[in-house]
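Following: one structure in C-alpha cells, then a few remarks.
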Amino acid sequence: MPLGTGSTAAPFAHLQAQHATLYRQVLDVFVRAKQRFTVHLRPEDVVAEIGAGPSLETVRAALDQLADWGNLRADPDTGRVTTVEDFHRARYLYQLSPEGHAVEEAVAAYEAALGRRGALQSVALSDIAEQLRALLVVAEAAAAGELPDSAKTHLLMMSLVDRFTGLADNAQAFMASLRRAIDFADANVAAFLAYKEQLIAYLERFIADLANRGAEIALLARQIEAAGVDPLLLVVAQREAADAAPTEVPEDTGTDPKSEATGTAAQADPAAGARTETAAGVTDDVGTDAGGPHSHEAAVGEALDAWRQRWVGLRDWFVSADGSRPSQARLLRTAAIGAIRQLLGIVAAINERRSGRSDRTADFRRLALWFAQVPDDDAAHRLWHTAFGLSPARHLTVTAETLAVTEQQPVPAATPWAQAPRLQISPRLRRTGSYERRGSPNRVLDRTEQRRLLAERMRHEAEQTARARAALATAGPVTLSELARLDSAEFRLFLQLLGDALAASRPDGSGAETTTSDGTMAVRLRRVAGGATVRIVTEDGVLAGPEHLIEIVDLVGADR
C-alpha cells in the first residue's frame, strides 16, 4: 500500500506545523510540476527545484511527513534498482494526492481572495441596464401573448446574473481593500498622499454613475416585474432543467413481491430474469421520472426557485423597500461617500502633523528631553522658570541680609512652610503694600499730536477704501477677465469680497450672493461653465483662477 493513503490523513495540518515554510516550499514545487505535466518527483528533484537552503535529508523527512498527512502519495521507486540492497532500501517517487491537490486549490483561492483589490465597475452598470432593457422587450412581448424565445431569454438572464455577480463581488472586495488602505495610511504617508487624489476622483466618478445608472436599473426592474417576470423565469428554468443528468435511484431495502417474482424468474431462466430485470428497471425509471423527487418537474422547480432568488437579489440590490430597507446600491454609495470623508480627514491630519502642530503629550515629551540634556542644575532651574513661569512673587523681594543667612544656613526644599524660618520683609511693604514711596503723581503727557496723526491715518484709509469701492463697483455682471488693473487697496478689498462670496457659495454651483460684514458692499458670484483660467494683474502680483461672473454693488454710493 503506498504512503499517503491511510485513514489518518490531515492535509491541512502542515499549515500550523513547526516547519510550515518548508512544507509550503515543497508543495509549491509539486504544484509547479503538475502545471508542467510532471507526475512523479524524487527527493533530489525537489531539492534542485527549491535551490539553496534545506538539505536532502531534511527534504526527505518533509516529504515523508507530507505523505503521512495525505498531501502526497509515495510509490516505491524501482526504476533505479540494480542490486538487492537497493531493492530493500526505501526509495519513493512522490506526487500530489487528490487530497493534497484539493488543499492547494483551497490555499490558492484563499490567498487570491485576501489579495484581491476589486474594482467599482461603472461599465458593469451600463451592461446591466442594457440587458434589462432587452429583457423588458421580451417581458412585454410575453405579456402580449407572444411565446418568449427560450434560448434568447436564457442567455439574457445568464449574462445579466454573471455581470451582476461580478459587480457585487468586485464592489465588496474594493471596499474591503479601501478600508485596509485607510487603516494603514500612516505606514507610507508619501505613497498614500500620491494615491488619495486618484482614489477620490475614482470614487466620485463611480458615485455619480451609480446614482444615475442605479435609478435607471431600479426603474427597469420595476417595469419588468409589472410586465411579468415569472413566465420568463419559468422558461429559463425549463431550459436549464432539460440538461439535468439522471440521478441514481436509491436501493430499496424492503420486500417487494415484484422483485421476489423477478428473482424467482431469474433463478429459473437467467435470460428471462435479465429481460425482466431490464423491464422492471425501465418501469421504475419511468415512474421515478413521473413523480419521484428526482423527476423533471422537481428539477424545474429547483431551477425556478434558484432563478427567483437571483432575481430577488438583483432587484433588492438596486430597489429600496418603502422606508424599511435601503438598497445595497444606496448603502454602497453611502460607504463610498464616507470613505471620501475619511480620506480627507486623514489628509488633514497628515498635513497638520507636517505643519509642526503637536499635542500637549508631545510638548511634555520634548520638555522632558530638554531637562535630560541640561548641563547643570542652574540651567534646569532656568528651564523650569521659562517653561512654567513659577517665579517668586515680585513684591516679596529678599534683602541681602536674608540671602546671606540663607547661604550660611541653607533650608532643605522638603522643609514644611510652618517649620521654615521666617522671611524678613520691609516695614513699608507690610504697612502700605508697596515698596514705592508715595508722592506727587507723574505729569500727564500731552498726546494731541499723536491723536491728530491717528485721525489723519484713519481719514486716509477711509478715502482709500471709498476709492476702491467706487473702482470695483460694476454696472452689472461682468467676467473676472474684464476687470482692469487693480492697485494694492483695490486688490485687498477685492480679495475680501471674493473670499466672502466663495464662502457663501452652494455646492450645486448655482452661485452666491452676500454682503460684507460692514454692510457697505454686496457681491454676486457665479462660475462660468467650461470657462478658462483667467489672470488678474495687480500691483502686488498676478491672481489666477477659474472664470466667474461677478457683480459688485457699492451700497454706500447707492444710498447716496
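The values are calculated or read from the model by the stated rules, or taken from the named source; none is laboratory data. In this text, all values refer to a predicted model and were calculated from it rather than measured experimentally. Positions of Cβ are backbone-derived with ideal geometry, glycine not excepted, and every protein chain shown enters the neighbour counts. Accessible surface is based on the protein model in full, side chains and every heavy atom, while ligands, DNA and RNA are left aside. Shrake-Rupley method; radii C 1.70, N 1.55, O 1.52, S 1.80 Å.
Test of understanding: what is the full-extension gain from Arg459 to Asp540, defined as 0.36 nm times their sequence separation minus their Cα-Cα distance? Walk me through the numbers on the way to the answer.
Numbers: separation 81, 0.36 × 81 = 29.16 nm, distance 2.33 nm.
That works out to 26.8 nm of additional length.
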HN-Hα J couplings of region 456-473 from phi, Karplus 6.51/-1.76/1.60, θ = phi - 60°, integer Hz, Gly and Pro as x? 5, 5, 5, 5, 5, 5, 5, 5, 4, 5, 5, 4, 5, 4, 5, 6, 7, 4
Output wanted: per-residue J couplings in Hz (rounded whole) for region 97-110, from phi through Karplus 6.51 cos²θ - 1.76 cosθ + 1.60, θ = phi - 60°, x for Gly and Pro. 7, x, 5, x, 5, 5, 5, 5, 5, 5, 5, 5, 5, 5
Peptides 133-144, 42-53, 456-467: what's the order by average Cβ count within 10 Å, highest mean first? 133-144, 42-53, 456-467
Ignoring ligands and nucleic acids, Lys34 exposes an accessible area, probe 1.4 Å, in Å² to the nearest 10, of 100 Å²
Hz values of 3J(HN,Hα) by residue in region 155-166 - Karplus curve (6.51, -1.76, 1.60), Gly and Pro given as x: 5, 4, 5, 5, 5, 5, 5, 4, 5, 5, 4, x
Burial ranking of peptide ranges 374-380, 534-540 (average Cβ count within 10 Å, highest at the top): 534-540, 374-380
Taking the Cα atoms of region 508-552, what is the range of coordinates along each of the three principal axes, in descending order and whole Å? 32, 30, 13
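Between Asp363 and Val411, what FRET efficiency follows from the Cβ-Cβ distance if R0 is 30 Å, with the result rounded to 0.05? Could you put the intermediate results ahead of the total?
Values: r = 33 Å, r/R0 = 1.09.
Approximately 0.40, to the nearest 0.05.
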Once fully extended, how much extra length lies between Ala349 and Ser126, figured as 0.36 nm per residue of separation less the alpha-carbon to alpha-carbon distance? 76.5 nm
Report the paramagnetic label zone for Glu140: residues of region 223-243 whose backbone N is under 19 Å from a point 7 Å from Cα along the Cα-to-Cβ axis. 223-233
Starting from the amide H of Asp77, placed 1.01 Å from N in the peptide plane, find each other amide H under 5 Å away whose residue is 5 or more places distant or on another chain. Arg91, Tyr92, Leu93
Relative packing of peptides 229-237, 472-480 - highest average C-beta neighbours within 10 Å first: 229-237, 472-480
